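A.B. asks: Let me begin by handing over the structure; questions about it come next.
The values are calculated or read from the model by the stated rules, or taken from the named source; none is laboratory data. What you are looking at is a predicted structure, and each value in this text was computed from that prediction instead of being measured. Ideal geometry is used to build each Cβ from the backbone, glycine not excepted, and the neighbour counts take in all protein chains shown.
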Amino acid sequence: MELELRDFERAAERLKPILHHTELDLSSTFSGMTGGQIYLKCENRQKTGSFKIRGASNKIASMIEAGKASPVVASSAGNHAQGVAYAAAKFGIPATIVMPKAAPIAKVQATQGYGAKVVLAGDCYDDAYAEACRICEEEGAAFLHPYNDPEVIAGQGTLGLEILSDLPYVDVIIVPAGGGGLLAGIASAVKLINPRVKVYGVQAEGADAIARSYAAGKLCTTDSAATIADGIAVKVPGDLTVELINRHADGVVTVSDSEIANAILLLMERCKQIVEPAGATPLAAVLSGKLDVKGKRVVCVLSGGNIDVSFIQNIIEQGLVARHRRIRILVKLLDRPGSLVQLLNVIADAGANIMSVEHDRLTANLNPNETSVHIACEVGGKEHGEALVSRLMEGGYVVEIE
């Protein structure tokens with residue numbers, strides 16, 4: 001299969017009255033960290049919170065143009081669900097969305113809020129997909145595939161047209177990849193207009209079917225898809241998307257969950273951007289050095305911003321530990337009045353902020369007159385944490401870093 005430039009241009013015209021033209025922000029922070037000019041394509045601020053509305057809206061619009069305004073069914077980990085629900089409501093078509101049981105609550109509620117019927121089934125996208133196909137057959141509805149469909153791919157590819165319009169001299173575009181619709185669409189559209197521009201895909205290490213497919217030159221699947229990036233946790237990519245990616249993309253790299261978490265935290269801290277794990281993978285690839293961007297004009301596509309508040313808290317906690325901003329220590333004390341106060345005073349005098357204190361009298365190898373105390377502290381960094389431990393040991397305390 002091959003898409004022509006007019007397919008993307010037609011999609012862009014259909015989407016004009018529906019979408020935001022999301023901003024393209026130059027980040028001085030990330031440019032300084034990487035040596036390139038790093039631009040952020042803020043699709044996390046798109047309607048429904050992700051790029052998925054592009055493909056869904058283009059597909060439904062094309063169906064209506066062809067006189068096929070039937071009810072629609074879709075399967076999704078969340079963002080495609082919201083895109084389909086919004087587009088269906090916009091065009092006055094009933095929609096049923098099948099989502100994995102573990103889909104984030106925020107995405108389920110948002111999908112319902114757009115007027116769609118939500119069915120929870122299975123443990124991952126592929127299980128939800130099977131249930132959606134069953135419902136389609138039973139009810140005679142039209143299935144809207146989240147990525148393996150020409151009109152969906154063309155809709156996602158309009159992102160590439162926007163990037164080239166806003167930054168004609170871009171050198172590199174970096175795109176998240178799960179099922180492959182966004183990467184296939186952007187790579188195809190960009191290469192039709194300016195073959196000089198490099199387009200790379202990024203996957204999570206625990207869900208790397210497209211990376212394997214690119215390396216093998218043919219469609220490959222995985223037995224599992226384990227990653228915090230639920231939006232790209234796909235075991236079976238599309239045959240259409242893989243074909244287009246292998247033909248037009250310039251490479252596919254993978255990043256770890258810890259690299260993704262670090263990118264999410266940096267986006268919050270430095271850019272005040274709320275980005276979901278899948279959307280943070282392009283920046284993770286740049287910051288981890290998986291792609292060389294020195295001296296280049298680079299666009300990282302922040303594909304979505306639909307993330308649970310509780311998960312954000314986990315990311316912050318993990319990020320603070322990884323940056324040595326939080327330290328947890330185990331200290332043995334004599335179990336007598338005043339000993340804990342003396343310990344806490346030493347910690348306070350060292351400039352550490354005490355977050356929590358837990359007594360443990362069941363630790364192995366304790367004497368009858370001893371107790372273990374687990375203390376979590378906020379410190380200024382690795383050196384500050386090491387200085388705190390040294391000060392405690394100099395004071396005669398037995399300290400272990402947990």
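A.B. asks: Select from the range 109-125 the residues that are of a type in the set (S, T, Y) and closer than 15 Å to P146 by Cβ and write down the one among them that is nearest to the chain's Cα centre (by Cα).
C.D. replies: Within the range 109-125, the match that is nearest to the chain's Cα centre (by Cα) is Y125.
Quick grid of which residues meet (1) hydroxyl-bearing (S, T, Y); (2) at pLDDT below 90; (3) in contact with a Lys or Arg (Cβ under 6 Å, 6 or more places away or on another chain); (4) exposed (fewer than 12 other Cβ atoms within 10 Å of the Cβ):
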position	(1), (2), (3), (4)
R297	no, no, no, no
V301	no, no, yes, no
Q318	no, yes, no, no
K332	no, yes, no, no
D335	no, yes, no, no
N345	no, no, no, yes
E400	no, yes, no, no
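A.B. asks: Mind checking which residues of the range 299-312 are more than 12 Å from I274 (Cα to Cα) and free of Cβ contacts under 8 Å to residues at least 60 places away in the same chain?
C.D. replies: S310 - this is the single residue of the range 299-312 that is more than 12 Å from I274 (Cα to Cα) and free of Cβ contacts under 8 Å to residues at least 60 places away in the same chain.
A.B. asks: Take S310 and decide whether it is surrounded by fewer than 18 Cβ atoms within 10 Å (Cβ to Cβ), under 17 Å from the mean Cα position of the chain (by Cα) and hydroxyl-bearing (S, T, Y).
C.D. replies: yes
A.B. asks: Does R134 fit the bill of being assigned to a helix (DSSP H, G or I) and out of contact with any helix residue (DSSP H, G or I) (no Cβ under 6 Å at 6 or more places or on another chain)?
C.D. replies: Yes, satisfied.
A.B. asks: Anything in the range 247-280 that is among the polar types (S, T, N, Q), surrounded by fewer than 21 Cβ atoms within 10 Å (Cβ to Cβ) and part of a helix (DSSP H, G or I)? List them, or say none.
C.D. replies: S258
A.B. asks: If you go through the range 154-206, how many residues are in contact with a Gly (Cβ under 7 Å, 6 or more places away or on another chain) and of a type in the set (D, E, K, R)?
C.D. replies: Residues that pass the stated criteria total 0.
A.B. asks: Another question, then. Name every residue in the range 229-249 that is among the hydrophobic types (A, V, I, L, M, F, W, C) and in contact with a Ser or Thr (Cβ under 8 Å, 6 or more places away or on another chain), in order of residue number.
C.D. replies: Within the range 229-249, A229, I232, A233, V236, V242, L244, I245 qualify.
A.B. asks: For the range 203-246, enumerate the residues that are among the hydroxyl-bearing types (S, T, Y), without any contact (Cβ under 8 Å) to a residue 40 or more places away in the chain and in a loop (DSSP other than H, G, I, E, B).
C.D. replies: Passing the criteria: T221, T222, S224.
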